[in-house]
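Peer 1: Below is a structure I'd like to ask you about.
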Amino acid sequence: MSGAADAPAHANATGIGIAFALDALSFALSAWTLSRVRLSRAEPAAGGARAAVRKSVLIVEDERPIREMIAYGLRRAGFEVREAEDCRGAREQLADRQPDLLLLDWMLPDMSGLELAKLLKRDEDTRELPIIMLTARAEETDKVAGLEGGADDYMTKPFSPRELVARVAAILRRMRPALAGQLLAYGDLELDTVAHKARRAGHLLQLGPTEFRLLRHFLEHPGRVFSRERLLDAVWGMDSDIELRTVDVHIRRLRKAVNLTGMPDLIRTVRSAGYALDLDK
């Protein structure tokens, strides 16, 4: 009975593995080329300049072929890679040394990746750790659940290893808020929390108190998608009786204030998920 019931799951896993293997052939050459470019940039100059520090990625995936394929692609692209096959192993690795980004499979043997993501986002030491959720669950409700659970991005299997590497690099570019004293900065946007002023490309922005708090929250978590409910809790407070539609009103006001004439929109709307401050749209 159990063998027959498990057959579809095994077939699906096999299909996913084959998809990864087929894509690996074309991926290998481009990954090798990218790694040579990265390495050439990191080599010390004649004067003895220091090599660039590699970004680290922790892969949590119980399917060994998939985990090894992802690790291969990331290493060839110049990333430092560590691996775990379950949530217990992931937590041990996180306690030892926190990576720059976590690739987290949803379906794991000891605990779901979604539950681990929620735990990490509640922990002060790991709440800022960017997470990309990997899963075969392609329904919109699953994607929303993953993003609301703490994932910064969501990829459904089978996916292109090249696209995964590109998404990892994009998120690591975004997750760099410049915290200089009381100054929050992202791209050409700056917010002084002491002077209570915000500027874009040097131009002073006219923000109301609520829009200021919204912008501050986004600047503290660049690139991360927040649902209306989470924005209500963070900006208005958990005990607030404000309706969800109020969030949309203040987002529109924030957009109007921040998006000066001729400048790109920095506030990204994610359908059925929420909003994010994002340069790479």
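Peer 1: Give the aspartates and glutamates reachable from K256 as a straight Cα distance under 17 Å; neighbours fewer than 8 places away on the same chain don't count.
Peer 2: Cα-Cα hits under 17 Å: D188, E190, E211, D248, D265, D278.
Peer 1: Above 24 angstrom, tally the Cα pairs of segment 183-277 and express them as a % of all pairs, no decimals.
Peer 2: 15
Peer 1: Pairs K55/K118; K143/K197; K55/K121; K121/K197: which exceed 31 Å Cα-Cα?
Peer 2: Pairs exceeding the cut-off: K143/K197.
Peer 1: Take F212, F79 and order them by how many other Cβ atoms sit within 10 Å, fewest up front.
Peer 2: With the sparsest Cβ surroundings first, the list reads F212, F79.
Peer 1: Give me H250, H196 sorted ascending by neighbouring Cβ count inside 10 Å, so fewest comes first.
Peer 2: H196, H250
No lab work stands behind these numbers, since they all come straight from the coordinates. Values in this document were obtained by computation on a predicted structure and should not be read as measured data. Here the Cβ is made from the backbone with ideal geometry for all residues, glycine too, and neighbour counts use every protein chain on show.
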